[in-house]
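Participant: Take a look at this one; I'll ask things after.
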């Protein structure tokens, strides 16, 4: 290995460790935030409304933010830096920031104006009272979209300059703002509705604080970034060219998140909150062991796209992540209820809620190894400028997940937990396909297992996507 490749290998390994450390801290803060949320809101109506309101900023952040921006912006920006074209790199970065500010600003305003119809589209199965609360919360959470997307731009710049830790530890600040609000809610004994609205304001303020923290890191780089709205120079055109199919792929994934929300809203009360709670732990190993390596590798792969070199880095990445992710899956399946109990089971969150969330997490866990390996395959494709194949694979995964989820969720929703025991609604599980009556679905007393059906479908779809990407890489 020559000296430049050796330097890239060292940078990739060091970067992965820094990203992993930052993600670990931010995920731990996220677990504390989620634990406090469950203590205050449990799996009741306010919990469902708050979880649903997060989907709007999450969808647009993932659509326009870190994933799409990293795969299109970082390869071009890193290439310019490696070629010594600092002025061109600065012009491209500044133009991308300007375009993002304009676009996300317009989307934020639109989201606030149409919060009520948006809530109706997202959660058609919610009762009118829960729908009203969801709309009120969307007006608040949508205000943070622009800040979160611009934070993703900061991440792209910092990662390209190999400043990894700062980017990934920044969400600790976002979580901290909500944690402070939730501690106040607990001490003041606020009702769930008031606490949910306060947490939404904490989310908005946290987004502002996170952006300021990351932008200070960009300023310290002393780059030649000049903000503009120019999109006609060649590097910006190339970024947009790569961005469009990436957004399409991310859009398909976000449609999947929307479908999950729509389907979960047709299930018994608590299904939306159960999905969100399980996802907090489900995402943790993927972020630590796969996304950290994939994010660190992308700038290095973009600097050297020789096939032999890329395949070698891919193989090393899979070896680093697969064992740990498989081990995590086994742990979640075998002792997930104990883990959920320690983190969430206090306040309004009882033992029955723990069992339901643990079952949902176990179902998700079956797909964790496949999701992680797929992230590494995608980095190779993005480094080569191929953003269409990941978009196609995402479409395949979403189609399978939606179809299977629709088939599994209603039968599973006829099962519920009462006094830590598995019970069944009257009638046959298989012959009575369809949603439960509203009178049954609206009762928060006994959490049902419908969310587990959606999680199982997601796991199966993840393995099919991984096999597809393996053949295309």
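The values are calculated or read from the model by the stated rules, or taken from the named source; none is laboratory data. All figures in this text were calculated on a predicted structure; none of them were measured in a lab. When we count neighbours, we look across all protein chains shown, and the Cβ atoms used for this are built from the backbone with ideal geometry, even at glycine.
Participant: Residue by residue through segment 315-371, note down the ones that are more than 23 Å from the chain's Cα centre (by Cα) and closer than 28 Å to residue 295 by Cα.
Facilitator: 315, 316, 319
Participant: Looking for whichever is touching a residue at least 60 places away in the same chain (Cβ under 8 Å) and in contact with a strand residue (DSSP E or B) (Cβ under 9 Å, 6 or more places away or on another chain) here; the options are 416, 402, 349, 344. Which one fits?
Facilitator: Just one listed residue meets the conditions, 416.
Participant: Determine which single condition residue 97 fails, assuming it passes every other condition in (1) more than 21 Å from residue 213 (Cβ to Cβ); (2) more than 20 Å from the chain's Cα centre (by Cα); (3) part of a helix (DSSP H, G or I).
Facilitator: (1)
Participant: A further question on this structure: In this structure, is residue 403 under 15 Å from residue 259 (Cβ atoms) and modelled with pLDDT under 90?
Facilitator: no
Participant: Continuing with this model, one more query. Looking only at residues that are under 32 Å from the mean Cα position of the chain (by Cα), surrounded by 11 or more Cβ atoms within 10 Å (Cβ to Cβ) and modelled with pLDDT under 75 in segment 419-437, which one is farthest from residue 453 (Cα to Cα)?
Facilitator: 436
Participant: Right, next: Which of (1) touching a helix residue (DSSP H, G or I) at 6+ places or on another chain (Cβ under 6 Å); (2) at pLDDT 85 or above does residue 82 not meet, given it meets every other one?
Facilitator: The number of the failed condition is (2).
Participant: Condition first: assigned to a loop (DSSP other than H, G, I, E, B) and either touching a strand residue (DSSP E or B) at 6+ places or on another chain (Cβ under 7 Å) or in contact (Cβ under 8 Å) with a residue 40 or more places away in the chain (or both). Can you find one or more residues in segment 126-143 that meet it?
Facilitator: Yes, some residue in segment 126-143 is assigned to a loop (DSSP other than H, G, I, E, B) and either touching a strand residue (DSSP E or B) at 6+ places or on another chain (Cβ under 7 Å) or in contact (Cβ under 8 Å) with a residue 40 or more places away in the chain (or both).
Participant: So residue 73 passes all but one of these: (1) in contact (Cβ under 8 Å) with a residue 60 or more places away in the chain; (2) assigned to a helix (DSSP H, G or I); (3) more than 23 Å from the chain's Cα centre (by Cα). Which condition number does it fail?
Facilitator: Residue 73 satisfies every listed condition except (3).
A quick yes/no check of all residues on (1) over 26 Å from residue 289 (Cα atoms); (2) in a helix (DSSP H, G or I); (3) at pLDDT below 90; (4) in contact with a strand residue (DSSP E or B) (Cβ under 9 Å, 6 or more places away or on another chain):
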{"position": "118", "(1), (2), (3), (4)": "yes, yes, yes, no"}
{"position": "145", "(1), (2), (3), (4)": "yes, yes, yes, no"}
{"position": "155", "(1), (2), (3), (4)": "no, yes, yes, no"}
{"position": "162", "(1), (2), (3), (4)": "no, no, yes, no"}
{"position": "165", "(1), (2), (3), (4)": "no, yes, yes, no"}
{"position": "181", "(1), (2), (3), (4)": "yes, yes, no, no"}
{"position": "201", "(1), (2), (3), (4)": "yes, yes, no, no"}
{"position": "211", "(1), (2), (3), (4)": "no, yes, no, no"}
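Participant: So, one more: Check whether at least one residue in segment 225-233 is modelled with pLDDT of 85 or more and either farther than 26 Å from residue 340 by Cα or surrounded by 24 or more Cβ atoms within 10 Å (Cβ to Cβ) (or both), and report yes or no. Steps first, answer last, please.
Facilitator: Kept after step one, since they are modelled with pLDDT of 85 or more, are these residues of segment 225-233: none.
No; the residues of segment 225-233 include none that is modelled with pLDDT of 85 or more and either farther than 26 Å from residue 340 by Cα or surrounded by 24 or more Cβ atoms within 10 Å (Cβ to Cβ) (or both).
Participant: Let me ask you something else. Restricting attention to segment 342-366, which residues are at pLDDT 90 or above and surrounded by fewer than 20 Cβ atoms within 10 Å (Cβ to Cβ)?
Facilitator: The answer is 366, and nothing else.
Participant: Being buried (at least 17 other Cβ atoms within 10 Å of the Cβ), at pLDDT 85 or above and farther than 15 Å from residue 266 by Cα: is that true of residue 390 here?
Facilitator: For residue 390, the condition - buried (at least 17 other Cβ atoms within 10 Å of the Cβ), at pLDDT 85 or above and farther than 15 Å from residue 266 by Cα - is met.
Participant: Of the numbered conditions (1) surrounded by fewer than 20 Cβ atoms within 10 Å (Cβ to Cβ); (2) within 30 Å of residue 112 (Cβ to Cβ); (3) modelled with pLDDT under 75, residue 32 satisfies every one except a single condition; which is it?
Facilitator: (3)
Participant: Is it the case that segment 5-17 has a residue that's at pLDDT 70 or above and either surrounded by fewer than 21 Cβ atoms within 10 Å (Cβ to Cβ) or over 15 Å from residue 292 (Cβ atoms) (or both)?
Facilitator: yes
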